[in-house]
Structure formats: structure tokens, C-alpha cells
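Take a look at the structure below.
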Amino acid sequence: MNTQTSQSLFEQAKTVTPGGVNSPVRAFRAVGGSPLFIKSAKGPYIFDEDGNQYLELINSWGPMILGHAHEIVEKAVADAIQFGFSFGAPTRKEVEMAELIVSMVPSIEKVRMVNSGTEATMSAIRVARGFTGRDKIIKFEGCYHGHGDSFLIAAGSGAVTMGVPDSPGVTKGVANDTLVATFNDIASVESLVLANKNQIAALIIEPVVGNMGCVLAEPGFLQALRQLCTREGIVLIFDEVMTGFRLAKGGAQARFGVEPDMTTLGKIIGGGMPVGAYGGRREIMDCVSPLGSVYQAGTLSGNPIAMSAGLAVLHHLNSHPEVYTRLDQIGAKMVDGYRASMAKLGVNFTINHVGSMFTLFFTDQPVTNFEAAKGSDMVFFGRYFHAMLQQGVYLAPSQYESLFFSVALQDAHIDQVIAANENALRQIL
Ligand code: HOZ
């Protein structure tokens, strides 16, 4: 496969951008080699600068749930740009977006639009602190909530991929206010709460983790967190940047029947544009400026082009519940195919999946928390990643990420991925 143009673009990029990329995981450091520079995407395919075509299973890390460049999004954006690009003033579309989010996610009574998932989580904990008058937060080891200072403590995703789960540049003061619990271990949360009585403003969690690979909450874990937070007056925040509008119309909270106090959103609500949002119970959100005194603002927040793209996707999801049935079918077919191949080849593996989120770990142990995720054979993963590329399938370039399926995957595409998986493994075993 010729990737010379990508390689020379990477060399050029490295001279003017740190590590040659605008987000670390993209640099392929975890899997070795040189990243592919992408020129275009359509449906289930992406195309690199050398003209190679790949079936891809990242979907821009989640947003492209309908597949790339879907015609309803293209049309919405084309229509919107005729009216201008940014006004820094309220628009009708922001009202429509807020009403739609509130109607689709019942725990959200009010919502504020921002420009990324990182902004959403940073803002949500500020509001929770303002609401409770407390300083500390609890997060889980291996969960990633964007690159805000408070979250770069025992962080997953790119932070752990690059070996900096506790980033330099985060002050000791900020780090001291972030307490770290073990995912799926309620006792670890209870002991932090006990040791920091009446000091914890918020507990933030990915209800299905995407950033240590896909890791599911065990039955009862989210419910136990809900009870504990209610009892202790702690604001329970579900970071649904990945799971929101993906695992169900109402996100993971609807799928698993647990209502948080606040929710952070991103990815799908922008339809591929840079959008985030945070929302929750009215009394909490009423703390936000200008109604309340917790300050948060943004020149491009609620940008009309971004709102148009996001609205097109959300309206479609809201009126086509069969999308979620299909995504579940895609996930199930993929898992069945993978399991059959792996059994045939005798590879040690664990598959974690729910709906359209999926991770293949190279370990025969269950992966229920970050420690277990680290037990996957990372060297083998790197070889597997490149073997899959040779087979024309583009995966997330790190074991500490989830794959995201889109409805653009037809059964024939799924068969193609399953065959590629088997061929790639045969090649490297
Ligand atoms: N932090 C993102 C994955 N969890 C990576 C985003 C990107 O590199 O585009």
C-alpha cells in the first residue's frame, strides 16, 4: 500500500505542529508507523491522500453515527451557510436545539451549548461546585473527560496512550481536588466519600467507558452511584460525550435506566461540527450566568452552521428509532463474527461491546476496569492494527479507545470487516 503522500505530509507537519498532529492519538505512537492523512470520507469509507480507501470503524471518534457526509447533514449545512457563519447573538436554531435535547434526554431540563466535550465537562464541574459550594470531584481511573486540568489525573484515552495520565502543567492545587476511584468498585467510591465528607461537589463518570477501550458498568454499579450521590448531596454527572444519542435516543442513562443530575454531551450533537453541551436539573443549571453567578461563555457557542448540522442528525435520530435497532444488530453481527474467528484461530481475547460501541482486547481476562484494560497485549495490538490497515480496515490507533459503528455499514461491509479480522490475525500469528 502506497502511503508516501501521508508520510511526507507528516514530516512537513512535524516542523510546524507539536508531533505533527492536532490531537495526540492521531500520531499513531501507540501502534507505531506514520499516520494516514485523510482527504475525504463518504458513508462507511475514508480515503487518504494517496488515494487508498478504507472501511472505517471510528467515525470521527463517534459523531458520524449516520456515516460520513450524509446527505441530510450536507443539505442542512449548505442551506445554513447562505445566511452567514457566526453572529455572536442568539438564534432560533439554538432554541430548537435546546428543546430537542430536553425532549430526548429526560434528565436534562435546561442545557447550555459549548464548542467541545472538553468545554462541556470543564463547565459542568464548575457549575456543580457553584451549586454545592464544595471543591472536590471524584473521577474514575482510566476515564477521560477531555483535557481540562481537573480531569488529567489518572486519565484514559490519549493521556494514557502517550504515557501522561497525570499531565505536567496541572497544578498541585487542582490535582488535590480530584479524587480517583476504581471503575466498577463501589467500595472505592464510598471510602473516598467517607474520607472527604461534605467536600465533594461532583462525581463524573462515563456510564459506558470509551477511553480505556469500551468498558461497561457492571449491573447495579450506576444505580449504587446514584444512591450514594443522592444521599451525600453530590452532583452525579454522566459524561455522555460518546454515549449520548448513540446507545439510545436518550443516551446510556436511558438505556440503563439511571438518571444523573447533569449530563455532558458532544460529538453526535454537532453532526461532525465542533459542538458540546452540558445540561441537567433546572435548579443546578439556573446557577449558570447570566441567570446565576457561575460564569461560562463562548463567542462561537451555538454557532448556526454547527447547530444546523447537529439538528439534522438529532431530528433524524428522534424520528427514526429503527436506527438504534440497526446499530444493535450491527454490533451483534460483528461480535458473533469476531468470536467465531477468534475461537477458530485460538487467540486470547475479550470483546466488550454494547450497541454500536466495541473493543477487542488481547487478553483472556474480563476487562472491567483500567487495571484489567492494561492487561491487554499492546504490542500485539499494534501489529494487529497495521495488519487490519493492510486489509483495508481503519481502526482506532490505540487499545485505549472504543470503536464506533455507523448505520452506513451494510451486512456486506460487516462480513468484509470480519474476514479482514481473520486474515489480519492469520498474518501476524
Ligand atoms: N480523545 C479522542 C479519543 N478519545 C481522540 C480525538 C482525536 O484524536 O481526534
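Taking the centroid of alpha carbons for each part, segment 89-121 and segment 145-177 are 27 Å apart. In a DSSP loop and with at most 10 other Cβ atoms within 10 Å, the trypsin sites (Lys or Arg not before Pro) in segment 90-199 are LYS197. Scanning residues 5 or more positions from THR363 or on other chains, those with amide H under 5 Å from its amide H are PHE349, THR350, ASP377, with H placed 1.01 Å from N in the peptide plane. In this structure, ASP50 and SER319 have a Cβ-Cβ separation that, at R0 = 41 Å, corresponds to a calculated FRET efficiency of about 0.55.
Using only alpha carbon pairs under 8 Å that are at least six residues apart, calculate the relative contact order of segment 280-400 and give it in whole percent.
Numbers: 85 pairs, mean separation 15.1, N = 121.
After rounding, I find 12 percent.
The alpha carbon radius of gyration of segment 334-391, expressed as a multiple of 2.2 N^0.38 Å, is 1.12. Amide H contacts under 5 Å for VAL235: ALA202, LEU203, restricted to partners 5 or more places along the chain or on a different chain, H placed in the peptide plane at 1.01 Å from N. Roughly speaking, what % of Cα-Cα pairs in segment 337-429 are separated by over 22 Å, rounded to a whole number? Summing the P(r) of segment 337-429 above 22 Å gives 21 percent of all pairs.
Simple spin-label estimate for GLU11 and SER191 gives 5.3 nm between the two label positions (7 Å along the Cα-to-Cβ direction from each Cα). Of the candidates LEU311, LEU389, LEU236, which one comes out as most mobile in a Gaussian network treatment of the chain with C-alpha springs shorter than 10 Å? Result: LEU389 has the largest fluctuation of those listed. Value of Rg to Rh for segment 204-244, rounded to two decimals, is 0.99; Kirkwood radius and Rg both from alpha-carbon coordinates.
Accessible surface for segment 48-98, divided over its residues, is 51 Å² per residue with a 1.4 Å probe. What residue among PRO24, PRO106, PRO290 has the largest mean-square fluctuation in a Gaussian network model of the chain, using Cα springs under 10 Å? So, out of PRO24, PRO106, PRO290, the one fluctuating most is PRO290. Each label point was placed 7 Å from the Cα along the Cα-to-Cβ direction; for MET162 and ARG326 their separation is 3.7 nm. 3J(HN,Hα) along segment 87-94: 10, x, 8, x, 10, 4, 5, 5 Hz, from the Karplus curve 6.51 cos²θ - 1.76 cosθ + 1.60 with θ = phi - 60°, whole Hz, x for Gly and Pro. Remark: the ALA343-GLN427 segment gains 28.6 nm on full extension, using 0.36 nm per residue and subtracting the alpha carbon distance. For the chain, modelled as a GNM whose springs connect Cα atoms under 10 angstrom apart, the maximal fluctuation among HIS413, HIS68, HIS386 occurs at HIS413.
Subtract the Cα-Cα distance of LYS39 and ASP336 from 0.36 nm times their separation in residues, and report this length gain in nm to one decimal. Walk me through the numbers on the way to the answer.
Values: separation 297, 0.36 × 297 = 106.92 nm, distance 3.25 nm.
Separation in residues times 0.36 nm, less the Cα-Cα distance, equals 103.7 nm.
Inter-part distance, segment 58-82 to segment 300-339, computed on C-alpha centroids, equals 11 Å.
Using the alpha carbons alone, the radius of gyration of segment 263-389 stands to its Kirkwood radius in an Rg to Rh ratio of 1.11.
Working note: Karplus 6.51/-1.76/1.60 with θ = phi - 60° gives segment 149-154 the couplings 3, 4, 9, 8, 10, 6 Hz, where Gly and Pro are set to x. Computed from the Cβ-Cβ distance with R0 of 35 Å, the FRET efficiency linking ALA412 to ASP364 stands at 0.70. Measuring nothing but alpha carbons in segment 128-188 and taking Rh as the Kirkwood radius, the Rg to Rh ratio lands at 0.98. Only helices enter this figure: runs of n ≥ 4 DSSP H residues, each worth -39500 (n - 2.57), summed and divided by the residues of the chain, yield -12000 deg cm²/dmol at 222 nm to the nearest 500. Normalised by 2.2 N^0.38 Å, with N the number of residues, the alpha-carbon radius of gyration of the chain equals 0.95. Taking one equal scatterer on every alpha-carbon of segment 1-147, how large is log10 of I(q)/I(0) by Debye at q = 0.13, 0.20 1/Å? Normalising to I(0) and taking log10 leaves -0.94, -1.33.
Phi-derived couplings, Karplus 6.51 cos²θ - 1.76 cosθ + 1.60 at θ = phi - 60°, listed residue by residue for segment 312-320: 4, 5, 5, 4, 4, 5, 5, 9, 10 Hz, with x used for Gly and Pro. Full extension of the chain between ALA78 and ILE351 yields a length gain of 94.3 nm, computed as 0.36 nm times the residue separation minus the alpha carbon distance.
The values are calculated or read from the model by the stated rules, or taken from the named source; none is laboratory data. All values derive from a computational prediction rather than experimental measurement. FYI the Cβ positions are ideal-geometry reconstructions off the backbone, even for glycines, and counts take in every protein chain you see. For accessibility, only protein heavy atoms count, side chains too; no ligands or nucleic acids. Shrake-Rupley method; radii C 1.70, N 1.55, O 1.52, S 1.80 Å.
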